[in-house]
Amino acid sequence: MEMNRENAFNLLNEYVDSDSLLKHCLAVEASMIGYAKKFGQDVETWASCGLLHDIDFEKYPDEHPLRGAEILKDKGYPEDFIMAVKGHADYTNTPRETQMAKTLYAVDELSSFVIACALVRPNKFEGLKVKSVKKKLKDKAFAKAVDREQIKRSAEELGVDLTEHIQTVIDSLIQREDELSQIGMSLIK
Ligand SMILES: [Fe+2]
Ligand SMILES: [Fe+2]
């Protein structure tokens with residue numbers, strides 16, 4: 001199995017039918033690409049990791065992400081890749097030892113949160129600022145399911161200042177939204 005984005009996308013589509021889960025995976029992929037470029041890491045690997053981190057979530061929600069880890073192992077994905085996928089779920093107690101694992105953990109929830117922020121704005125992603133994302137983080141009633149502490153803790157673990165972290169995710173998602181709009185798709189529709 002060659003590590004590339006196309007293979008990962010095809011594999012994901014074998015396991016995921018849900019539009020919302022697919023969009024989440026595309027969003028996390030975008031953030032992983034943003035960070036791979038920022039850190040000078042392999043874009044195809046990091047993109048694939050973002051795409052595939054929730055591969056089992058629709059079919060095997062009770063076994064997530066351990067079932068996904070097995071699927072990926074069978075497909076020949078490397079150990080560090082599988083450890084990163086396992087590591088995005090705290091309950092597995094998998095240490096996040098690589099930058100890829102730490103980044104995945106840090107962009108998973110935040111990518112969804114930033115999309116939730118864009119959704120409620122009249123101009124959606126256009127002009128979305130870190131400041132307004134931070135304000136929404138403080139608003140406990142907004143997107144209640146998102147664990148604020150996880151967002152802060154994971155940014156610290158990654159070693160990136162929260163403002164810079166949110167900005168990187170915003171930039172990555174705006175770029176992804178542009179790409180998707182060209183094929184008639186959107187992260188927020
Ligand atoms: Fe997950
Ligand atoms: Fe996820």
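Assorted remarks:
- Of all residues in the range 97-111 being among the charged types (D, E, K, R) and in contact with a Ser or Thr (Cβ under 9 Å, 6 or more places away or on another chain), the one that is farthest from residue 36 (Cα to Cα): 109
- Of the criteria (1) at pLDDT 95 or above; (2) out of contact with any Leu (no Cβ under 9 Å at 6 or more places or on another chain), which one residue 130 fails: (2)
- Check on residue 86, of a type outside the set (A, V, I, L, M) and within 15 Å of ligand 1 (Cβ to nearest atom): yes
- In the range 37-61, the qualifying residues are those that are within 15 Å of ligand 2 (Cβ to nearest atom) and assigned to a helix (DSSP H, G or I), and the one that is surrounded by the fewest Cβ atoms within 10 Å (Cβ to Cβ) is 61.
Per-residue answers, yes or no, for (1) among the basic types (Lys, Arg); (2) more than 16 Å from ligand 1 (Cβ to nearest atom); (3) in contact (Cβ under 8 Å) with a residue 40 or more places away in the chain:
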residue: 2; (1), (2), (3): no, yes, no
residue: 15; (1), (2), (3): no, no, yes
residue: 24; (1), (2), (3): no, no, yes
residue: 27; (1), (2), (3): no, no, yes
residue: 48; (1), (2), (3): no, no, yes
residue: 64; (1), (2), (3): no, no, no
residue: 70; (1), (2), (3): no, no, no
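- Qualifying residue in the range 17-36 (condition: among the polar types (S, T, N, Q), surrounded by fewer than 16 Cβ atoms within 10 Å (Cβ to Cβ) and within 15 Å of ligand 2 (Cβ to nearest atom)): yes
This table checks each residue for (1) under 15 Å from the mean Cα position of the chain (by Cα); (2) of a type in the set (D, E, K, R); (3) more than 30 Å from residue 10 (Cα to Cα); (4) surrounded by 18 or more Cβ atoms within 10 Å (Cβ to Cβ).
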{"residue": "70", "(1), (2), (3), (4)": "no, yes, no, no"}
{"residue": "92", "(1), (2), (3), (4)": "no, no, no, no"}
{"residue": "104", "(1), (2), (3), (4)": "yes, no, no, yes"}
{"residue": "129", "(1), (2), (3), (4)": "no, yes, yes, no"}
{"residue": "139", "(1), (2), (3), (4)": "no, yes, yes, no"}
{"residue": "143", "(1), (2), (3), (4)": "no, no, yes, yes"}
{"residue": "161", "(1), (2), (3), (4)": "no, yes, yes, no"}
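- First in the range 91-120 and more than 14 Å from ligand 2 (Cβ to nearest atom), second anywhere and among the aromatic types (Phe, Trp, Tyr), Cβ under 7 Å, 6 or more apart: 96/105; 99/39; 100/46; 118/125
- Checked against (1) touching a residue at least 12 places away in the same chain (Cβ under 8 Å); (2) closer than 30 Å to residue 97 by Cα, residue 152 meets all criteria but (1).
- Every condition in (1) out of contact with any helix residue (DSSP H, G or I) (no Cβ under 7 Å at 6 or more places or on another chain); (2) on the phi > 0 side of the Ramachandran plot is met by residue 124 except one, and the failing one is (1).
The values are calculated or read from the model by the stated rules, or taken from the named source; none is laboratory data. Everything numeric here is computed off the predicted structure, so don't read it as measured data. For neighbour counting, all protein chains shown are included, and Cβ atoms are generated from backbone atoms with ideal geometry for every residue, glycine included.
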